[in-house]
1. Which ones in the stretch 222-262 are near the ligand (Cβ under 9 Å from one of its atoms) and either over 22 Å from residue 175 (Cα atoms) or in contact (Cβ under 8 Å) with a residue 40 or more places away in the chain (or both)?
2. Go through the stretch 236-250 and give me each residue that's open to solvent by less than 10 Å² (accessible area, probe 1.4 Å) and touching a Cys at 6+ places or on another chain (Cβ under 9 Å).
3. Is it true that residue 117 is within 16 Å of the ligand (Cβ to nearest atom), without any contact (Cβ under 8 Å) to a residue 24 or more places away in the chain and either surrounded by 24 or more Cβ atoms within 10 Å (Cβ to Cβ) or not in a loop (DSSP other than H, G, I, E, B) (or both)?
4. Out of all the residues in the stretch 225-256, which are of a type in the set (A, V, I, L, M, F, W, C) and within 16 Å of the chain's Cα centre (by Cα)?
5. From the set of residues in the stretch 205-217 that are within 11 Å of the ligand (Cβ to nearest atom) and under 17 Å from residue 270 (Cα atoms), which is surrounded by the most Cβ atoms within 10 Å (Cβ to Cβ)?
6. Considering only strands (runs of 3 or more DSSP E) fully contained in the stretch 1-98, which possess at least 1 residues that are open to solvent by 50 Å² or more (accessible area, probe 1.4 Å)?
7. So, in the stretch 129-143, of the ones that are open to solvent by 10 Å² or more (accessible area, probe 1.4 Å) and of a type in the set (A, V, I, L, M), which residue ends up nearest to the ligand (Cβ to nearest atom)?
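The values are calculated or read from the model by the stated rules, or taken from the named source; none is laboratory data. For clarity, every value in this text was computed on a predicted model and none was experimentally measured. Don't worry about glycine lacking a Cβ; one is built from the backbone with ideal geometry, like all the others, and counts go over all protein chains shown. SASA here: full protein model, heavy atoms, side chains in, ligands and nucleic acids out. Shrake-Rupley method; radii C 1.70, N 1.55, O 1.52, S 1.80 Å.
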Amino acid sequence: MSTIDRHSTAQLIDGKAIAAKVHAEVRAEVAALRSQGLTPCLAVVLAGDDPASAIYVRNKVRACEATGVQSVSHVLPATTTTRELIALVDRLAADPAVHGILVQLPLPPGCDTDAVLACVPPAKDVDGFHPANLGALAIGTPALVACTPAGVMRLLAETDTPLDGARAVVLGRSRIVGRPMALLLLNANATVTVCHSRTRALADELRRADVVVAAIGRPRFVQGDWIRPGATVIDVGMNRLPDGTLCGDVDFDAVRAHARALTPVPGGVGPMTIAMLLSNTVRAARAQATTEARPR
Ligand code: NAP
């Protein structure tokens, strides 16, 4: 299946097709591990009644089912306390049958998100949010990497985007997207600039970029004339417009006229996030099995 639509001005990067490829890889790896008696298992913790979170969790559980990864959901009421969440995460951390723990964010108001996430052991941190995993990425020895930036790297690889020596601009510096994204690009030998809400002359920074990754949560913020002709543009943004439709952080039609390749929203980065979660779960299961088998 082609992952690029070559009929448009910019090549459209087909995240659905690339995610399907990752799913197929995961399915094959899971089948091989199962035949050796190891079933990768993801525990999902959902607290509260945020409808979007419930949909995300449902999609993750379905993706597990489709690839043979076992999933166990723990659904808790909005009244759940930090202490109760930590007790659950501690139980999952100690359970040898659970290889990955995903705490769906946001947690209910009043819960201490950092305290809960800190209880997920780095080896089971399939979201890659734990400071130990971010630190490993920062020193260039990544273990479990945050799913969305990992998915962006796969999109760049699948579209043969040169990164060695390339100028890359990451728009946004959040813990879950912008920061790990910048570190991954740096580890791939790109020259990386990180822009954020205090950046001066932001358009000028973008105009120098061979690769742009936009992750700010501002609908259609990135303009066409900010993009250097031939640049690759990855739009992580997922913004719900008043009419209910989704759009990215990039002005798609305008940027399409300038870029070499561009991700659509939806159908670009979104499908990759779940695909990389599955991939991380398999990686975690394999690493834990190896550690257990090692003589002490
Ligand atoms: P976030 O935590 O709100 O961080 C937003 C970042 O953008 C911050 O670093 C902020 O700068 C920066 N920013 C905001 N307005 C800006 C502006 N006008 N100019 C320059 N920088 C600006 O958001 P996030 O969690 O990283 O998510 C970003 C977007 O990606 C959202 O649309 C989210 O829905 C989407 N997302 C998609 C996926 C997926 O699977 N496709 C996954 C995760 C997130 P400061 O640090 O200075 O405040």
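1. Correct list: 236, 249.
2. Of everything in the stretch 236-250, just one residue is open to solvent by less than 10 Å² (accessible area, probe 1.4 Å) and touching a Cys at 6+ places or on another chain (Cβ under 9 Å), namely 237.
3. Judged against the criteria, residue 117 is a match.
4. The answer is 234, 236, 238.
5. Within the stretch 205-217, the match that is surrounded by the most Cβ atoms within 10 Å (Cβ to Cβ) is 213.
6. Here the list reads 70-76.
7. 134
So that you can scan it fast, the table gives a plain yes or no per residue for (1) crowded, with 24+ Cβ neighbours inside 10 Å; (2) assigned by TED's automatic domain parsing to the domain that holds residue 97; (3) at pLDDT 95 or above:
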site	(1), (2), (3)
219	no, no, yes
222	yes, no, yes
232	yes, no, yes
252	no, no, yes
255	yes, no, yes
264	no, no, yes
277	yes, no, yes
293	no, no, no
